[in-house]
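Heads up, the thing below is written out as C-alpha cells.
The values are calculated or read from the model by the stated rules, or taken from the named source; none is laboratory data. Keep in mind that this is a model prediction, so the values were computed, not measured. Here the Cβ positions follow ideal geometry from the backbone for every residue, glycine too, while neighbour counts run over all protein chains shown. These area figures cover heavy atoms from the full protein model, side chains too; ligands, DNA and RNA do not enter into them. Shrake-Rupley method; radii C 1.70, N 1.55, O 1.52, S 1.80 Å.
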Protein chains: 2
Amino acid sequence: MKALSKAINAVRLNNNLQNLAQIGKIGSTGVSRLAHSPEDKQAVLHVKKHMDTIGLQTKIDHFGNLIGRMDGVANDAPALVIGSHIDSQPYGGKYDGALGVIGALEVLESIHEQGITPDIPIIVIAFADEEGSRFNKGLFGVRGILDKLEEGELERQDKTGMTRRQALIEFGCDPSKFEECLIDTSKIVAFLELHIEQGPVLEAKEEPIGIVTGISGPLWMTVEMEGLAGHAGSVPMAMRQDALVGAAKVIVKLNELAQEVNGAPTVSTVGSLQVFPDSRNIIPEKVTFTVDLRDIDESRRDKIEQAFRQDLDNIAAEHGLTYTIHEDTRNGPRFCNENIMQIMREESAEMGLTPPELMSGPFHDSLEMSYVCDYGMIFVRSKDGISHNPKEYSSPEDIALGTELLYKTVCRIACQK
Amino acid sequence: MKALSKAINAVRLNNNLQNLAQIGKIGSTGVSRLAHSPEDKQAVLHVKKHMDTIGLQTKIDHFGNLIGRMDGVANDAPALVIGSHIDSQPYGGKYDGALGVIGALEVLESIHEQGITPDIPIIVIAFADEEGSRFNKGLFGVRGILDKLEEGELERQDKTGMTRRQALIEFGCDPSKFEECLIDTSKIVAFLELHIEQGPVLEAKEEPIGIVTGISGPLWMTVEMEGLAGHAGSVPMAMRQDALVGAAKVIVKLNELAQEVNGAPTVSTVGSLQVFPDSRNIIPEKVTFTVDLRDIDESRRDKIEQAFRQDLDNIAAEHGLTYTIHEDTRNGPRFCNENIMQIMREESAEMGLTPPELMSGPFHDSLEMSYVCDYGMIFVRSKDGISHNPKEYSSPEDIALGTELLYKTVCRIACQK
C-alpha cells in the first residue's frame, strides 16, 4: 500500500516550492541565490509575505535570518523551532534548504487552516547563509543568533572582494545590532529540520524518506602553497618550484587518504582552487585550495587529518614550497535526540512507512542547533543522489510524505492537547 | 678586461627602460600591461612619442602594433626590421619585451645622433600581444601583419568575458581594416630581436650576453575535464566523478613526462587552471587547464604529447570523466640565420666578448618572423633566471652590452657604407 499524505496540502506545497525556485533561477531547473545577495533578499521577502498571510509574527533580524512565530496557548513556554535555509549554492538546485523552510510553512499553514492553536509557540526560521560558499564559511545565521560568530568573520571577502559586513549592510542588516538579535536558548524546546538527503542512500533502498541519526561534522581548511614563478619555456624542470604540481600531488593524496579504510563513510573534497598568477606560460607561484573532510567517527577523521598534514609537509619539501593551513571550521559529529527519533518512527508507522535511519554527510543548520537543544531531522530521497547542482530533484510525492511526517512530529511535540 | 659599450648611450637606455616601467607598475619592481589594455595603450603612446623625437615615421596599425621607420639611402630596398613587444604578463617584470623595443630605439637614436643615414630603411616594431596571457593565444600582432590570424581569434575572451575584438576596438583599432596593415614580406631583409634570456644559462656561465641559435617551438593546448558535481558531504568516494582529482593526476603525470629523458631540455607547464563551480563543499564538475610543452627536438615533443594524451585518456576513464583537448598553438623549433650569428660572433669579439650560443626555451616575436625572413637574436643575462615575475632583473651593464651588440649588428647589416 502506497503511503499518502493527508494532513498537509501536497499541491500547495509543491506550488510554493516551485514559486520560490523562480527567484534566482538558472537554466530550466537550477537556482543561484548566494547569501545576502539581491536574489537572497528577494527570496526572503517572498517567504516573509507567505508567513504574513498565515498570520505569523515575522521579522528579518540583523544576521539576515527570517523568523516567523505562531503563538501557543502557553505563550511563554519554550518554543518548538523548525526550519532550514533558502540561500543556495552558486550553481545549485531548488530543494536544498528551501524544502525545510517551505515544508515548515506548509505545516504551520495546515495547523492554521485546521484552526489549531499549538500548546507552545512554534517558530519557523529561514537561516541566513547556511551554504557558506560565498564567504567560504557557512552556518552564519544560526551561529549568529547563538552568539557563535568568530573574530574577523565580517571581514571575510567574497570573490569580488566584498566583505561580509558590506554584503550584510547592502542586504539591509546593521551589524552593530547583532546583540539584540541573539536568541534565548532556554526558550527552545527542540529543533526540527526537513531536508533532502543530497546522497544516494534512500534511492538505493527505494524508500521515499528517512530518519536522520546524526550529522558528520565537517573539518574545513584552506591550504596555500607557495613556490616561485618563472617562464614556462626557460626554467629547467629540475630547478622549478611549481606550486600547482605540489598542490596536485596533495589533492591526489587527500583523495587516497579518504579511501584507505574500506567501507568507511569518510569523504574528502577539494572543491575550490585558485592559481596565481594563472597565466599559461608562467610557472604557478601560488595555489590556494579548500579541504573538506568528514567522518561520523571523529577519531578516524583526526587520524586522516594528521596523515594529510604529514603528506602536505613532505610534498611541499619535495618541491621547495612553503605552505600555510588555515582551519575554517571544525565540528564533531552530532547525534539526533532519541525521543524525537522515536516519535518519527511511530508516526511513520501510522503512515505505513518504515523509514531507514541514516547519518547525514552534509551538515545543516541543525548541526549548530544541536549544541543548544534536542534536534531531529527528516530526509527526503534525492534522485541519483545529486545535490548542489541544478539536476537536484525530489519528487512531489516524496516531498509530501516528508512534510507530512514533519507535520505529525510537530503536532506530537507542540499540539498534544 | 671588462667589455664596455661605446656607441650607444647606456645611461639614457637605462633611463628609458625605467621610465617605461612606470606605466602599469605593480609593487616596487613589477609591471602589468595586459595586451590592448589602457596600460598597454599608454605605453604604446609613450614609446611612439620617443620614436617621434628621433624623427622616425610612426604609426599604430589596426592590430595594435607600433611601427617606426627610419628611411635609408636606398629607400625602396628591403628594410631591416628590429623590435620586440611592450605588453607584459599580468604579474610580470620590466625587461621582458621592453628591452627589445627600448634597445632598438637606443640603436636608432645613436645612429640618428651620429648623423648616419642607413643604406636601407630600418623599421622598429613594438608588436602587440606577444605574451598571449590575456586571450590565451600570443604573438598576435606579428601574426597579424603576416596574415596568420586564425578563424575565430577575435572572438576569444579574456577572464572578464571581453572579446579580443572589443579589446582592440577599445584600444583604438578597427578590425575591418586588418587587410591594409599586412606587411610586404619581400620588403624585409632580416629581423633582429634583443631579449632577456628568462632562464638561468648565462648566469651559470657568468656571461652577460648570449647569441641565440634558435627557438624551441611551443605546443599549447587547453584541456577540459568534466565529471559530475555533488555534495561534498554525501556522495561516497567510490561513486564520485571528481574532475579536479582527475585533473590533478594529469598534472602530476605531465610533470613526470617532461622529466623522463635525463638531461633533455624538455619543459611542461600547467600555468592556468579553473574549477567549476569552485565551491568548497561541491565536488568539482569541470576543470579547465592549459598545457605548455616545449622541446628543441620536435620528434621527442611529439612522443611526449602522445604519451600525455594516452595518460589523460586513462585517467579520465578511471574517474568517469569526459574530456576535450583544444590545440591553441603548435610551432616547431626555428633556427637562427648562420650569417647573422657570424656577424654577432665577430662583433662580440671586437667588444672582447665570447658569448655562449644557446637555444631559447621561451618563444618570441622572432618565432613568427622566422617564417618570412632570416632572423637573429641576442640574449641578456637574467638574474636567477627569473622572468614573468616582478623579480625579473638584468643589470644596466649587461643590458648596455646586449644593446651595443645589437647596434653593431644593425650597422653591419644596414650601414655598411
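Computed values, structure above
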| quantity | calculated |
| --- | --- |
| Helix axis angle, B:338-350 relative to chain B longest principal axis, alpha carbon, degrees | 60 |
| DSSP-loop GluC sites (Glu not before Pro) across segment B:174-219, with at most 15 other Cβ within 10 angstrom | B:Glu206 |
| Using alpha-carbon coordinates, inclination of helix B:98-113 to the longest axis of chain B, degrees | 10 |
| Cα-based helix-to-principal-axis angle, B:243-257 vs chain B, degrees rounded to 10 | 50 |
| Convex hull volume per residue for the protein assembly as shown, taking Cα atoms only, in Å³ | 164 |
| Test item: Cα-centred dipole of segment B:217-330, Lys/Arg +1 and Asp/Glu -1 on Cβ, debye | 240 |
| Chain A - Rg and Dmax from Cα coordinates, angstrom | 22.6, 80 |
| With 5 Å bins from 0: P(r) over segment A:217-330, alpha-carbon pairs, percent | 2, 12, 22, 22, 16, 11, 7, 4, 2, 0 |
| Area buried, chain B against chain A - accessible surface, total, 1.4 angstrom probe, square angstrom | 5500 |
| Mean separation of Cα contacts under 8 Å, 6 or more apart, over the residue count of chain A: relative contact order % | 24 |
| Taking segment A:132-238 and dividing mean pair separation by its residue count, relative contact order in percent (alpha carbons under 8 Å, at least six apart) | 16 |
| Built amide H within the under 5 Å cut-off of A:Val189, gap 5+ | A:Ala79, A:Leu80, A:Val81 |
| Helix-only mean residue ellipticity at 222 nm for chain B, each DSSP H run of n ≥ 4 adding -39500 (n - 2.57), per residue, nearest 500 | -10000 deg cm²/dmol |
| Sparse-neighbourhood loop sites, chymotrypsin sites (Phe, Trp or Tyr not before Pro) in segment B:316-391 - DSSP loop, at most 14 other Cβ within 10 angstrom | B:Tyr371 |
| Amide H within-cut-off set for A:Gly214, under 5 Å, with H built and near neighbours excluded | A:Cys336, A:Ser360 |
| Dipole moment magnitude, nearest 20 debye, chain B about Cα centre, only Lys, Arg, Asp, Glu C-beta charged | 740 |
| Selection from A:Ile196, A:Val372, A:Ala10, by position along the positive dipole direction of the protein assembly as shown (Cβ) | A:Ala10 |
| Segment B:99-234: C-alpha pair distances exceeding 19 Å, % | 68 |
| Karplus-derived 3J(HN,Hα), 6.51/-1.76/1.60, for each residue of segment B:137-152, Hz, glycine and proline x | 6, x, 6, 5, x, 5, 5, x, 5, 9, 6, 10, 6, 9, 3, x |
| Backbone HN-Hα couplings from phi across segment A:382-395 [Karplus 6.51/-1.76/1.60, Hz, Gly and Pro as x] | 10, 5, 6, x, 7, 8, 6, 6, x, 6, 3, 8, 10, 6 |
| Net charge dipole size for the protein assembly as shown [Lys, Arg +1 and Asp, Glu -1 on Cβ; Debye, nearest 20] | 660 |
| Amide H contacts of B:Ser387 (H built 1.01 Å from N, under 5 Å, at least 5 apart or other chain) | A:His231 |
| 1.4 Å probe, heavy atoms, protein only - residues of segment B:354-385 losing at least 10 Å² accessible area vs chain alone | B:Gly361, B:Pro362, B:Gly385 |
| Among B:Ile82, B:Ile67, B:Ile183: highest mean-square fluctuation, GNM of chain B, C-alpha pairs under 10 Å | B:Ile183 |
| With every protein chain in place, the protein assembly as shown: carbon and sulfur % of accessible area (1.4 Å) | 48 |
| Accessible solvent surface per residue of segment A:16-163, calculated while the other protein chains remain in place, 1.4 angstrom probe, Å² | 34 |
| For segment B:315-417: accessible area per residue (Å², 1.4 Å) | 37 |
| Listed pairs A:Lys159/B:Lys41; B:Lys137/B:Lys249; B:Lys148/B:Lys177; A:Lys59/A:Lys159 exceeding 20 Å between Cα atoms | A:Lys159/B:Lys41; B:Lys137/B:Lys249; A:Lys59/A:Lys159 |
| Using θ = phi - 60° and Karplus 6.51 cos²θ - 1.76 cosθ + 1.60, couplings along segment B:302-319 (whole Hz; Gly, Pro as x) | 4, 5, 5, 4, 4, 5, 4, 4, 5, 4, 4, 4, 5, 5, 4, 5, 4, 9 |
| Relative pair counts by distance (%), Cα atoms of segment A:50-174, 10 Å bins | 13, 40, 30, 14, 3 |
